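Inspection log for the structure reproduced underneath, given as structure tokens.
The values are calculated or read from the model by the stated rules, or taken from the named source; none is laboratory data. Predicted model, so just to flag it, every value in this text is computed and none were measured. Cβ placement follows ideal geometry from the backbone for every residue including glycine, while neighbour counts extend to all protein chains displayed.
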Amino acid sequence: MITSTEGLSQAAGALPAFFSVVIVGGGAGGLELAAGLAKDGCKDILLIDRNTSHIWKPRLHEMAAGLGVGELDTLSYAGVAEKWGFAYQQGELHSVSPDDKTVTLAAIRQQDGEVVVPERQIAYQSLVLAIGGSVPDFGTEGVVEHAFRLIDGTDAARLFLRFSQGLLARSLLGAGRPFDIVVVGSGATGVELAAHLKQDHLCAALAPRSALPDIRVTIIEAAEQILSGVPDDVRQDVRGRLEDIGIRIETGKQVSKITPEEVQTKDGARYPSDLTVWTTGTVGPPVAKQIGSLETNEKGQWLVKPTLQTTAFDAIFALGDCCALTDDPAPTTAQAASEQAGHLIANLPKWLAGDPVAPFEFQNKGTLLSLGAGGSIAKLKKGFGDDILINGRLARAAYQGLYRQHQYHILGLVKGTEEIVADLFDRAIGPQLKVFG
């Protein structure tokens, strides 16, 4: 559904719609940036996203494992735009023309291919690319055809539909056979998703618990350790928790082929799989390779200077998973994207006024992981002292706190508090599972 008519149609010879700030991508960074700039008085903003609602990406694994969309506090882009006074259009980036400062959005089509909204152009004074990244398949046979990737809410809904239907079929027709899941990759997404998929009690709404098959989960990692880049004590703690809840972990195994029935590795091992999820890291978005005017790194991410301006054009900024800083890259996390959004909230108005932009410095707040039945774990930074490792309720509170901060950034203090209270009340009385389809 298109919620704004600005720029949707252009008569022959007419100029495209113009905005001082055009933000492409409404993820953790893009939506916080649009709301923050508008709250500070910069209203001439257009936010563009291919979806109509926002889900906080670190919680996609919960949605994929059975938590319904309504239980994940989805936010309507149009509603947030109306609240703070900026513009929103549904659309997908097709190309960027830096010389004449325009972006082209792809045509919006129905499932049968009929064009609903034609290709259109938007002119900008400043452009912020915040469209997130993608998951590389490394050319591995069968990934595209037989594995799920978890990039957005659509992926999460498809994954859970396959998961729930598979469990239901196995409970009715499986004659006691287990349901095998293989997660390829052991970054934060992989380990959190594996832990939540293992929670068979979340699926009790599908059939009587006694009829549900055993869920067997295997994590396959090409490196010798899980959670690359995470402190050793956290890695060891996470591995122990995963193994305690029955998850099998295979490291030093490089996947060579995926079929509908199994995952094969280069050493000849075969792992039965009714559901395979591919979580092998983050690279740039596919469209980055189509925009030759902007420099990218070997991962296909747009290169940006310390100011978050692209290396070729000062009027084009980028943040989040779609970009990489040339000197000191930030991690591809929602935490980093949020910090970058905060930096641009303070500095983009300065650039629009002709003043210089300060360099961005990532302030790592630590590692936060939610492992379902395995509990939560957090290693938080303590300024100049040693890091502190916490578990249990404190770790869960820290994990939830990062999400609450995101809500406050987007909704403001009053509305954000209302959403939190409503969320707590709904969780206290509502069902644990919302089945898709």
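Numerical summary
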quantity: Leu105, sole failed condition from (1) under 27 Å from Val238 (Cα atoms); (2) surrounded by 18 or more Cβ atoms within 10 Å (Cβ to Cβ); (3) free of Cβ contacts under 8 Å to residues at least 60 places away in the same chain; calculated: (1)
quantity: Test result for Val144, closer than 26 Å to Gly300 by Cβ, surrounded by fewer than 14 Cβ atoms within 10 Å (Cβ to Cβ) and β-branched (Val, Ile, Thr); calculated: yes
quantity: Answer from Gly113, Gly139, Gly132 - the residue that is among the small types (Gly, Ala, Ser) and surrounded by 15 or more Cβ atoms within 10 Å (Cβ to Cβ); calculated: Gly132
quantity: Residue that is farthest from the chain's Cα centre (by Cα) [pool: residues in region 26-66 that are among the polar types (S, T, N, Q) and in a loop (DSSP other than H, G, I, E, B)]; calculated: Thr52
quantity: Enumeration of residues in region 44-68 that are more than 22 Å from Leu369 (Cα to Cα) and either touching a helix residue (DSSP H, G or I) at 6+ places or on another chain (Cβ under 8 Å) or at pLDDT below 90 (or both); calculated: Ile45, Leu47, Asp49, Asn51, Thr52, Ser53
quantity: Selection within region 295-323 - surrounded by 15 or more Cβ atoms within 10 Å (Cβ to Cβ) and closer than 20 Å to Phe138 by Cα; calculated: Thr296, Asn297, Lys299, Gly300, Gln301, Trp302, Asp321, Cys322, Cys323
quantity: Options Ile316, Ile258: the member that is among the β-branched types (Val, Ile, Thr), under 25 Å from the mean Cα position of the chain (by Cα) and in the same structural domain as Leu168 (by TED's automatic domain parsing); calculated: Ile258
quantity: Region 321-332 residues that are closer than 15 Å to Gln363 by Cα, paired with ones that are aliphatic (A, V, I, L, M) and at pLDDT 80 or above (beta carbon under 6 Å, 6 or more apart); calculated: Leu325/Val304; Ala330/Ala336
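Conditions tested, residue by residue: (1) farther than 30 Å from Gly366 by Cβ; (2) surrounded by fewer than 19 Cβ atoms within 10 Å (Cβ to Cβ).
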position: Asp237; (1), (2): no, no
position: Gly240; (1), (2): no, yes
position: Arg248; (1), (2): no, yes
position: Asp267; (1), (2): yes, yes
